[in-house]
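Notes to accompany the following structure.
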Amino acid sequence: MASRIQNRPPRSPSSRKELGDENPLDKRRRLGAMGRGAGSTGTARTRQPFAVVNNRQDVNTAAVANAEECSNHEFTKEEVEAILNEKPKAKKFDLKAKYEHAAEHNKKLKLCVKWFQQCDENHVIDAEKLKSSLESAEKRCIDTELEKKNKEEELNTIISELRDNNASLEEKLSKEVSEKLDAIDRHTSENEARVAAEKSVASLTEELERAQQDVAAANERAASLDNTHKRLQEYILSLQQYNSKLITDLETVRESLKRVEKEKLTIVENLSTLRGHCSSLQEQLTLSRVSQDDAVNQKETLANEVKCLRGELQQVRDDRDRQVSQVQALSAEVTKYKESTGKSLAELDNLTMKSKSLEDTCSSQREQIRILELQLAAANEKLKMTDLSASETRMEYLEQKRIMKELQDRLADMEHKLIDGENLRKKLHNTILELKGNIRVFCRVRPLLPDDGAAAEDAIVSYPTSMESLGRGVDLIQSGQKYPFTFDKVFNHEASQQDVFVEISQLVQSALDGYKVCIFAYGQTGSGKTYTMMGRPEASEQKGLIPRSLEQIFQSSQALRAQGWKYKMQASMLEIYNETIRDLLSNNRSSGSDPTRPENSVSGKQYTIKHDANGNTYVSDLTIVDVSSISEISSLLRQAAQSRSVGRTQMNEQSSRSHMVFTLRISGINESTEQQVQGVLNLIDLAGSERLSRSGATGDRLKETQAINKSLSCLSDVIFALAKKEDHVPFRNSKLTYLLQPCLGGDSKTLMFVNVSPDPSSVGESLCSLRFAARVNACEIGVPRRQMTLRPTDSRLSCGGS
């Protein structure tokens, strides 16, 4: 019987497929009928082979075809997470369904990996999407590592279960084989027992085939998952290499910036040297011009003298000729008289003496004329030398002027390159901060005021001049000890409001792009927070960050209309006074109202803070005003400034006694691209921390101080919990922290200004503020997320921070 079973010919693939599609009960009946037919006719038959294993190539071919057809499909984050977290829905012992589910899951994983590879190639080609590529790459790295660990654990569990099942099936197979052998031995004696044994052997053979198919499918799945794991490791390695390349590029940019700084210093030194040389040349040129003028004057004087001498010489020559003619006439007369009358010798001697004297005068005048001619030649030669020296000096001056102009052009080019490099450094720094999810911190030091009573040399704040800390470092000196701090940007006491706003303008622009943006000022009372945020509206150059940001928002929204964008903006302003929310734009409020009386008791409104599932925050019953121009915003700011609670203390003449929150909700839609964005801009002026021993607060001011210090202490507790990455963050301990929860623990872009006073009497509070700001700068709150959709949404605007 055993030999007949072993020598049976194999069945065709079509018959295997037909048997594979039948249910187990029909298959056992068919096998039993075939077994009885084989027993009656004595023909040979064999066990059924692995149909699924033989058809695996067809399945793989179809999967590859489907993968090629679906290669253009794009996966979202939710789809990838759904694929990785997908679990089999088949029954516990339905191995065929499990296998089909595993094959489908494997196909989806291959499509996902292939899509990730295509995305990686597109990211390498498209350099403009560097930021989103690096962000998604780091997310995928983290998710892939977690998924890899989970999949490894699941695969190890599945493999161990399959091994246990295989061992049990092998034991069961050995038992069934022994039973089959016993049934074959008893076949000659009992026909009915032989038929039952053949049925049992057929059923056991079928179960064995299914078990072997399951083992083969599990091995194939394990191999495919190993390949997927290897590909994911290669992809992670490529991402790490890409990240290291970015870091290398950043270091290269920094080195180039250092070289540019050195070249700039060298050029400045050369320029100063050339300026000194140019000034000396200009002095020489001035002296040369003076000497030239003197020479010209001397030449004119000499020319006049020569002209006079020539006139005198001509007159002398005329006199000489006249005297010669007179001598000749006299000689003729003497001869005539000698011949005719014979005058006396006395008269002749007299005439001879007269002639000699005239000849001596002529000779002396000739000598004088010769000397004057020599002097004129020397003056002409000196004039020629002066003209030659002046021309050489002028040529040298023009050459030095050309060199100086070239150096100035080169210096301007270097300064332009330095500005471009600094902008690139800021962009890369902001990109790194956004990828890390850190809160950006800017430090601003106010100047010493006359009321401080301290001299400039007694200042407790200094600024390092090293290349690494220039513009980013600040040192605080207390009792002779220096405490260094480093932030994203440091503004000294000479920085203007415009200088500060330039650094945050790009962050404000993000609100129009659909991001949640939060900027708040922190510091002790009298350190310049309200001046930084609000400024002095009556002076245009002293406007604060809030009016400047709103002006930029409206100007940019007007400019984007040419691209098809239409924006709707809504503004609201509130203050938190003694742990009570008060509406600064409510019509029931007036500048003369009692600040200590809760507004809720007057108007009957309940201002409740609510957070929705999308991370948006609402305050019930809060006045929201539609704004369309900067003039409307300015009017609202003036109204809020008159309604805000302020008071006088020993530390500040006009101290803010509440936390003010300005919120601008922005909703934009592009009709041509059907894109819709929702952004939020939160600008917050916190009340200043103060010590009761210095402020001298009593009565209502004492309650205000206690409430302010309590809310700031709760803010400090939240920052400490975020820095330590604790599971529980106490946002609900204060209304301020609960209102700022999306900004401190959500997906918004957050910036904190820490304001510092250089007054030596406030060194303790300044040190506490800088330490708190350093802890804030180290907090990671998550990567900012842009709120953009492609379909119309509800007209209700969301708020990111208030």
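Here are a few things to note about the model shown:
- Using θ = phi - 60° and Karplus 6.51 cos²θ - 1.76 cosθ + 1.60, couplings along the stretch 394-407 (whole Hz; Gly, Pro as x): 5, 5, 5, 5, 5, 5, 5, 5, 5, 4, 5, 5, 4, 5
- The stretch 216-275 - accessible surface per residue (Å², probe 1.4 Å): 64 Å²
- Per-residue packing, averaged as other Cβ atoms within 10 Å, sorts the ranges 702-712, 409-419 into the order 702-712, 409-419, beginning with the highest.
- Given their separation in residues at 0.36 nm each and the Cα-Cα distance between them, Val195 and Val215 gain 4.2 nm when the chain is fully extended.
- Cβ-based net charge around Lys175, under 13 Å, with every Lys or Arg adding one and every Asp or Glu removing one: -4
- Added length on full extension, which subtracts the Cα-Cα distance from 0.36 nm per residue, Ile630 to Val268: 126.0 nm
- Peptide ranges 713-719, 384-390, 221-227 listed from the most packed, as the mean C-beta count within 10 angstrom indicates: 713-719, 221-227, 384-390
- Calculated FRET value between Lys566 and Met385, using beta carbons and R₀ = 56 Å, to 0.05: 0.10
- The simple spin-label model puts a point 7 Å past each Cα toward its Cβ; for Val502 and Gln298 those points are separated by 5.6 nm.
- Between the amide H of Phe442 and those of Met752, Phe753, Val754, distances stay under 5 Å, these residues lying 5 or more places away or on another chain, with hydrogens modeled in the peptide plane.
- Rg to Rh, two decimals, where the stretch 169-211 supplies the alpha carbon set and Rh follows Kirkwood: 1.01
- Legend: calculated FRET efficiency, Glu283 to Ala377, from the Cβ-Cβ distance at R0 = 25 Å, rounded to 0.05, equals 0.20.
- Take the Cα of Glu538, step 7 Å toward its Cβ, do the same at Thr252, and the gap between the two points is 5.6 nm.
- Pair Glu78, Lys482: separation of 7 Å Cα→Cβ label points (nm): 5.6 nm
- The string of couplings for the stretch 619-626 from the Karplus curve (6.51, -1.76, 1.60, θ = phi - 60°) is 10, 5, 6, 7, 6, 10, 10, 6 Hz, one whole number per residue in order, with x for Gly and Pro.
- Sequence ranges 399-407, 614-622, ranked by mean other-Cβ count within 10 angstrom, highest first: 614-622, 399-407
- Between the stretch 569-587 and the stretch 148-207, the Cα center-to-center distance that results, in Å: 77 Å
- Extension gain for His187 to Gln606 (0.36 nm times residue separation, less C-alpha to C-alpha distance): 141.6 nm.
The values are calculated or read from the model by the stated rules, or taken from the named source; none is laboratory data. In this text the structure is predicted, and so the values were computed from the model without any measurement. Reconstructed Cβ throughout: ideal geometry from the backbone, glycine too, with neighbour counts over all protein chains shown. Ligands, DNA and RNA are stripped out before the accessible areas are found, and what is left, the full protein with its side chains, is counted by its heavy atoms. Shrake-Rupley method; radii C 1.70, N 1.55, O 1.52, S 1.80 Å.
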